[in-house]
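Engineer: Supplied in structure tokens, the structure appears directly below.
The values are calculated or read from the model by the stated rules, or taken from the named source; none is laboratory data. These numbers were taken from a predicted model, which means no experiment stands behind them. Note that we place each Cβ from the backbone using ideal geometry, even for glycine, and neighbour counts take in every protein chain shown.
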């Protein structure tokens with residue numbers, strides 16, 4: 001059999017293209033900087049040559065480190081510090097480096113902060129260039145003879161600002177593409193996990209339906225037929241019909257016994273493969289180091305219980321990603337004779353006074369609908385711990 005499935009070609013993300021393009025630009029700009037340093041021109045106007053060289057050499061690695069994980073970038077002092085170092089290199093060594101900084105800003109900073117940074121950076125650049133011009137520093141403007149010097153200065157700043165804006169929005173596009181791809185992968189993992197749970201629940205529902213139909217329809221008819229045959233057996237004392245009636249009655253008894261056995265086997269519910277669904281869900285999470293603990297004897301056969309626990313894990317992971325600023329997450333399932341337990345613990349910042357959002361309220365409501373309960377504990381710098389408990393029915 002010939003497969004008609006087409007293999008998808010590997011694609012290069014905008015994020016990767018932008019990073020490599022910037023590194024090529026940085027290398028080419030290095031030739032200009034080193035040449036200027038050797039001839040004692042612009043590059044070492046404020047710094048000795050060796051400081052200019054080392055400062056420039058540190059710019060590229062700083063950019064590469066700062067943009068190594070765009071999709072999962074979180075605001076922090078380290079990215080901002082590296083960005084400030086690069087901006088300083090741009091002001092003090094070569095202002096062309098600020099084009100790279102403009103593209104990097106939306107990759108490492110959230111929306112409003114990124115916009116504020118690029119505006120402040122351009123205002124500082126205008127002031128810096130005007131000051132250099134005032135003291136006779138290494139600065140040049142457009143020189144259109146038909147225009148006064150003031151308009152040449154304005155056009156120069158406008159052209160520089162336009163290039164900065166272009167670089168900024170290219171960075172924004174790359175960041176949006178990377179984070180959109182991350183969200184799509186996460187949503188796809190959630191969809192696959194949910195589909196798996198629904199498929200398992202559907203199979204269990206079908207088994208229960210078949211068991212009911214066998215018992216209520218076929219079983220009742222066989223019982224009625226057995227009663228009628230027993231009545232006929234009592235009415236026929238002797239004769240040629242006695243033997244066939246006895247044989248039919250024996251056959252009905254065996255058939256009824258087999259039907260009851262089939263119903264019993266069908267009603268014996270296999271356990272839900274909750275671990276498989278959880279692992280599929282977590283496969284779309286790359287921002288955290290997640291430890292998943294499932295004991296070998298863990299069993300849950302009620303689809304509603306499995307669905308509630310799955311949603312609890314989903315909500316807990318979402319809250320951790322959004323609010324906890326955690327690096328590690330531990331998800332542990334366990335059970336005893338009376339209940340099934342889920343414990344989710346992260347190493348995030350924690351809070352002193354926890355305000356329950358709609359997600360936590362919905363989680364509590366889901367648990368209460370299946371005779372469960374939710375306990376939440378959190379403290380500053382001690383992370384967040386969530387414990388869900390669902391009482392076992394008489395039969396799991």
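Engineer: State all residues of region 294-341 that are under 19 Å from the mean Cα position of the chain (by Cα) and either in a loop (DSSP other than H, G, I, E, B) or outside the structural domain of residue 373 (by TED's automatic domain parsing) (or both); if no residue qualifies, say none.
Structural biologist: Correct list: 325, 326, 327.
Engineer: For region 357-379, give me each residue that is assigned to a loop (DSSP other than H, G, I, E, B) and touching a helix residue (DSSP H, G or I) at 6+ places or on another chain (Cβ under 8 Å).
Structural biologist: Matches in region 357-379: 357, 370.
Engineer: Next question. Given the conditions (1) modelled with pLDDT of 85 or more; (2) under 29 Å from residue 381 (Cβ atoms); (3) surrounded by 14 or more Cβ atoms within 10 Å (Cβ to Cβ), and given that residue 293 satisfies all but one, which numbered condition is not satisfied?
Structural biologist: (3)
Engineer: Can you name the residue in region 247-268 that is closer than 29 Å to residue 203 by Cβ and in contact with a helix residue (DSSP H, G or I) (Cβ under 8 Å, 6 or more places away or on another chain) and is also modelled with the highest pLDDT among such residues?
Structural biologist: Filtering first and then ranking leaves 255.
Engineer: Scan region 296-313 residue by residue and report those that are surrounded by fewer than 19 Cβ atoms within 10 Å (Cβ to Cβ) and either at pLDDT 85 or above or at positive phi (or both).
Structural biologist: Correct list: 311 only.
Engineer: Kindly indicate the residue of region 344-361 that is in contact (Cβ under 8 Å) with a residue 24 or more places away in the chain and more than 20 Å from the chain's Cα centre (by Cα) and also farthest from residue 312 (Cα to Cα) among those meeting that condition.
Structural biologist: 352
Engineer: I've got another one for you. Given the options 190, 143, name the one that is in contact with a helix residue (DSSP H, G or I) (Cβ under 8 Å, 6 or more places away or on another chain), modelled with pLDDT under 80 and loosely packed, with under 15 Cβ neighbours inside 10 Å.
Structural biologist: Unique residue meeting the criteria: 143.
Engineer: Go through (1) more than 30 Å from residue 393 (Cα to Cα); (2) surrounded by 14 or more Cβ atoms within 10 Å (Cβ to Cβ); (3) at pLDDT 70 or above one by one and return the number of the condition residue 197 breaks.
Structural biologist: Of the numbered conditions (1) more than 30 Å from residue 393 (Cα to Cα); (2) surrounded by 14 or more Cβ atoms within 10 Å (Cβ to Cβ); (3) at pLDDT 70 or above, the odd one out for residue 197 is (1).
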